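Beneath this line is the structure, given in structure tokens, with notes to follow.
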Amino acid sequence: MEIIIQPTASAASIIAARLIARLVYHKPNCVLGLATGSTPLATYQELIRMHREDGLDFSHVTTFNLDEYVGLSPEHPQSYHHFMQEHFLRHVNVAPERIHIPDGMTSDVPGLCERYEAEIRAAGGIDLQLLGIGSDGHIGFNEPSSSLASRTRIKTLTERTRNDNARFFSSPAEVPLHCITMGVGTIMETRQVLLLAFGPNKAQAIAEAVEGPITAMNPASILQMHPVAKALLDEPAATSLRRLEYYRWVFDNKPDWQRV
Ligand code: F6R
């Protein structure tokens with residue numbers, strides 16, 4: 001895994017947006033895997049700016065989101081459908097028919113999950129997957145102990161994740177118990193992963209994911225086995241890494257052609 005440490009979350013987000021923009025520029029019909037939550041917000045803002053000011057064109061891009069809460073309709077203000085419209089999709093020109101987000105209101109969860117996997121395959125697979133990380137090491141909503149080979153399916157959120165996400169709801173009890181999430185195996189099949197982590201609350205999960213053993217107790221740790229994974233961190237999220245100075249040294253000494 002390549003570890004990129006930046007002074008601020010906004011500097012790291014600009015790098016993430018540039019990497020995504022570069023892919024969209026070189027492969028206009030690319031397939032992007034998208035995430036929700038606080039972490040990717042600044043990346044989306046930068047992509048929106050590039051769309052408006054530099055003409056970055058998403059008209060041939062296909063998107064697949066990682067996850068959605070079960071029981072929330074697309075119009076619900078805390079649904080991930082709503083989040084994506086508000087924070088990214090309504091500001092750019094992704095064609096509505098190429099946007100994919102699991103339907104949290106489905107009456108057939110297993111059928112929907114199978115179709116989601118089939119749609120990813122039919123689109124040619126995901127070229128680049130944007131990921132945040134939970135304070136417990138989850139990616140998507142694959143909570144600790146998730147199978148590292150899992151596919152899109154229903155998961156039960158941990159108390160810790162529900163508490164972390166309670167800030168978006170009027171009370172912790174309103175955070176849904178269940179979600180539909182791409183599996184760890186689904187994420188591992190994507191061609192490139194950008195894992196973003198900002199703030200001290202993520203430091204422990206990042207240290208375990210990057211330098212710890214590969215274990216289902218920190219699902220992000222499987223990214224050590226991904227052939228093209230970059231972790232983009234701000235300083236507070238990087239503080240528990242043992243080889244911090246080495247990662248900085250590698251980044252500072254990249255050949256010019258590898259710079260973003
Ligand atoms: C969101 C997702 C989650 C979040 C993670 C971090 O689609 O899949 O894994 O990335 O819970 O959330 P934030 O960014 O709010 O700290």
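Listed values, structure above:
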item	result
Residues located in the range 134-149, provided they are open to solvent by less than 10 Å² (accessible area, probe 1.4 Å) and either away from the ligand (no atom under 14 Å from the Cβ) or not in a loop (DSSP other than H, G, I, E, B) (or both)	Ile139, Asn142
Residues of the range 18-46 classified as open to solvent by less than 10 Å² (accessible area, probe 1.4 Å), farther than 22 Å from Val210 by Cβ and within 15 Å of the chain's Cα centre (by Cα), total	4
Thr156 being among the polar types (S, T, N, Q), crowded, with 24+ Cβ neighbours inside 10 Å and more than 11 Å from the ligand (Cβ to nearest atom)	no
Residue among Leu41, Leu128, Leu56 that alone is hydrophobic (A, V, I, L, M, F, W, C) and in contact with a Phe, Trp or Tyr (Cβ under 8 Å, 6 or more places away or on another chain)	Leu56
Enumeration of residues in the range 107-131 that are buried (at least 16 other Cβ atoms within 10 Å of the Cβ) and more than 16 Å from the ligand (Cβ to nearest atom)	Val109, Leu112, Arg115, Glu117, Ala123, Asp127
Unique residue being at negative phi, surrounded by fewer than 19 Cβ atoms within 10 Å (Cβ to Cβ) and not β-branched (Val, Ile, Thr) when the list is Ala209, Ala173, Ala203, Ala220	Ala173
Extreme residue, nearest to Thr190 (Cα to Cα), among residues of the range 56-69 that are within 15 Å of the ligand (Cβ to nearest atom) and either in contact with a Lys or Arg (Cβ under 9 Å, 6 or more places away or on another chain) or modelled with pLDDT under 95 (or both)	Thr63
Spans of strands (runs of 3 or more DSSP E) in the range 1-73 with at least 1 residues of a type in the set (A, V, I, L, M)	2-6, 31-34
Matching residues, the range 17-45, being more than 16 Å from the ligand (Cβ to nearest atom) and either in contact with a strand residue (DSSP E or B) (Cβ under 7 Å, 6 or more places away or on another chain) or not aromatic (Phe, Trp, Tyr) (or both)	Arg18, Leu19, Ala21, Arg22, Leu23, Val24, His26, Lys27, Pro28, Asn29, Cys30, Val31
Residue list for the range 57-112, filter: free of Cβ contacts under 8 Å to residues at least 60 places away in the same chain and of a type in the set (Phe, Trp, Tyr)	Phe58, Tyr80, Phe83, Phe88
Test: residue in the range 169-176 that is in contact (Cβ under 8 Å) with a residue 24 or more places away in the chain, aromatic (Phe, Trp, Tyr) and within 12 Å of the ligand (Cβ to nearest atom)	no
Sole exception among (1) within 16 Å of the ligand (Cβ to nearest atom); (2) open to solvent by 20 Å² or more (accessible area, probe 1.4 Å) for Arg49, by number	(1)
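The values are calculated or read from the model by the stated rules, or taken from the named source; none is laboratory data. As the structure is a prediction and not an experimental result, all values here were calculated from the model. Cβ coordinates were reconstructed from backbone atoms using ideal geometry, including for glycine residues, and neighbour counts include every protein chain displayed. Just the protein is used for accessible areas: all its heavy atoms, side chains included, with ligands, DNA and RNA removed. Shrake-Rupley method; radii C 1.70, N 1.55, O 1.52, S 1.80 Å.
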